[in-house]
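This report concerns only the one structure given below.
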Amino acid sequence: MTKYTSVSIPLTLHKRLEKIIAKKTGFKSVSDYVTYVLREVVAMHELKDTPEPFTSTDLDEIKARLQALGYL
Amino acid sequence: MTNAPHGGKLVQIKQTAKDSPSLEGFKANQKLEVSRETATVVANIANGIFSPLEGFMGENDYLNVLEHMRLENDLPWTIPILLFGSHDHHFGAGDDLLLVDEAKNPVALMEYEGDFNISRQEYASKVFGTEDKAHPGVAKVFAGNERAISGKLKAVVKPEHGEYADYTLSPKETRILFSEKGWSTVVAFQTRNAPHINHEYLQKSALALVDGLFINPVLGKKKAGDFKDGVILSTYRAIMANYYPKSSVVMSVLHYEMQYAGPKEAIMHAIMRKNFGCTHIIIGRDHAGVGNFYGPYAAQEIFKEFPDIGITPLFFKEFYYCKRCAGIASEKTCPHGEEDKLSFSGTKLRKMFADGELPPKEFMRPEVSQAILKFDKPFVE
Ligand SMILES: [Zn+2]
């Protein structure tokens, strides 16, 4: 099950975030909001530098099949 | 470059011939018989459709999915992928287990990790949001086993898709297809239906925003009243040949058993299409729903919980033919009432086809209706 840890952020930032989530519905706490935003950022970083999951041999074989089937 | 797979790596389990010596010599108590549907899950894990899963979930992933809609590693995941087995097997950690089909043919070699019991009530209420056995997904859970066996797949026998083989593409293949087509943005359309005009408009509206459209009908066990697999494929072939440009639309089928889990299934549909390389997915009205179990747009709402899902959902209101607008419209574009909407219930439509009657062309392309009429029994009974 998910475990939690604390991350320190300046109290002033915490207060600004509290104001934002007070206006916006959907977030129960600053922690929820920060988790949401960080997941968005992390996913963006993870997307970069993902290699294509096939080799050049795969490429030739698969292109031949796709051509034979009329996809290409 | 197509979209990155879920978790960053497309899982590829080694394929093996069904008469390979590595699959021989297993005693009865080292074998586990699996249903056709479970064999389909095995194949989907093996070719990366369920990336990053490399096998059947253990208890930690299972509980995390139920409680948090995420795998233990924090990746979005909303429906457990479990291998159910009976209580009479006694495997030890690290043992190899041979999964066999109903005809005792080998399906896959799996390394046993452990097993655990699920609570059927908890599974039903957390995944389907109901314990009502009128829900087909709930009924299946209550009819099934409660012991789940976890483990990684080590090798799989390449599945045979018979008459659908030429329409079945793996994620590796669709990724190469999309990139050869020169598409960098691709929208997926999930369907278990023959195309109506409203589906066509939905797809074409989405296509206007991206490079390519990937139509990905689901073939496999469905509920009574749904179209049979052959009908879905044949009607899509008819509409694509007549109304879709080859340069921007492709279709391949997905072998998958619908769960009818509404919003939670919409997330799984998105993850699978992300693994095929799609950057976008169409989420319309009552996506993956059944009866009145889910709100009409609940499957759109749930995406708000997943800023990191890595595929962009495109939300649409339902399209329909409006008699007063004299064209295809949606709640968003048309001010008219229900009485102006051209609509047919599933029951009415089934009766029309049974009587050999064609629905109006404003509802369904004649080529599609004709393709349905070619089948004696187009619906699952
Ligand atoms: Zn109207």
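Summary of values
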read-out: Considering residues of the range B:314-354 that are within 10 Å of the ligand (Cβ to nearest atom) and small (Gly, Ala, Ser) only, the residue farthest from the other protein chains (Cβ to nearest Cβ); value: B:326
read-out: Condition met for residue A:11 (facing chain B (nearest Cβ under 10 Å), open to solvent by 80 Å² or more (accessible area, probe 1.4 Å) and either at pLDDT 90 or above or within 16 Å of residue B:307 (Cα to Cα) (or both)); value: no
read-out: Restricting the range A:23-41 to residues that are open to solvent by 70 Å² or more (accessible area, probe 1.4 Å) and within 10 Å of chain B (Cβ to nearest Cβ), the residue that is nearest to residue B:52 (Cα to Cα); value: A:40
read-out: Residue match in the range B:82-89 (condition: open to solvent by 70 Å² or more (accessible area, probe 1.4 Å) and in a loop (DSSP other than H, G, I, E, B)); value: yes
read-out: Subset of the range B:285-299 [more than 13 Å from the chain's Cα centre (by Cα) and open to solvent by less than 10 Å² (accessible area, probe 1.4 Å)]; value: B:299
read-out: Criterion (free of Cβ contacts under 8 Å to residues at least 24 places away in the same chain, surrounded by 10 or more Cβ atoms within 10 Å (Cβ to Cβ) and either within 30 Å of residue B:276 (Cα to Cα) or at the interface with chain B (Cβ under 8 Å from one of its Cβ atoms) (or both)) met by exactly one of A:62, A:20; value: A:62
read-out: Unique match (being touching a Gly at 6+ places or on another chain (Cβ under 7 Å) and of a type in the set (Ser, Thr, Tyr)) among B:62, B:123, B:112; value: B:112
read-out: Test result for residue B:298, of a type outside the set (Lys, Arg), farther than 13 Å from residue B:205 by Cβ and away from the ligand (no atom under 16 Å from the Cβ); value: yes
read-out: Selection within the range B:61-76 - at negative phi and either hydrophobic (A, V, I, L, M, F, W, C) or crowded, with 20+ Cβ neighbours inside 10 Å (or both); value: B:61, B:62, B:63, B:64, B:65, B:66, B:71, B:75, B:76
read-out: Listing of helices (runs of 4 or more DSSP H) fully contained in the range B:102-200 that carry 1 or more residues being assigned by TED's automatic domain parsing to the domain that holds residue B:89 and open to solvent by less than 30 Å² (accessible area, probe 1.4 Å); value: B:120-123, B:136-143
read-out: Test: residue B:346 is at pLDDT below 95, on the phi > 0 side of the Ramachandran plot and not hydrophobic (A, V, I, L, M, F, W, C); value: no
read-out: Candidates B:82, B:98, filtered to the one that is more than 11 Å from chain A (Cβ to nearest Cβ), of a type outside the set (Val, Ile, Thr), touching a Pro at 6+ places or on another chain (Cβ under 7 Å) and closer than 16 Å to residue B:115 by Cα; value: B:98
read-out: Residue within the range B:231-238 that is in a strand (DSSP E or B) and within 14 Å of chain A (Cβ to nearest Cβ) present; value: no
read-out: Tabulated pairs, the range B:45-74, first more than 14 Å from every other protein chain (Cβ to nearest Cβ) and more than 20 Å from residue B:149 (Cα to Cα), second of a type in the set (Val, Ile, Thr) and surrounded by fewer than 18 Cβ atoms within 10 Å (Cβ to Cβ), C-beta under 8 angstrom, 6+ apart or interchain; value: none
read-out: Pairs where the first residue, in the range A:44-57, is free of Cβ contacts under 8 Å to residues at least 24 places away in the same chain and among the aliphatic types (A, V, I, L, M) and the second is outside any loop (DSSP other than H, G, I, E, B) and open to solvent by less than 90 Å² (accessible area, probe 1.4 Å), C-beta under 9 Å, 6+ apart; value: A:47/B:8
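The values are calculated or read from the model by the stated rules, or taken from the named source; none is laboratory data. All of these numbers come straight from a predicted model, not from anything done at the bench. With ideal geometry, Cβ positions are generated from the backbone for all residues, glycine too; neighbour counts draw on all protein chains shown. The area values use the complete protein model at the heavy-atom level, side chains included, leaving out ligands, DNA and RNA. Shrake-Rupley method; radii C 1.70, N 1.55, O 1.52, S 1.80 Å.
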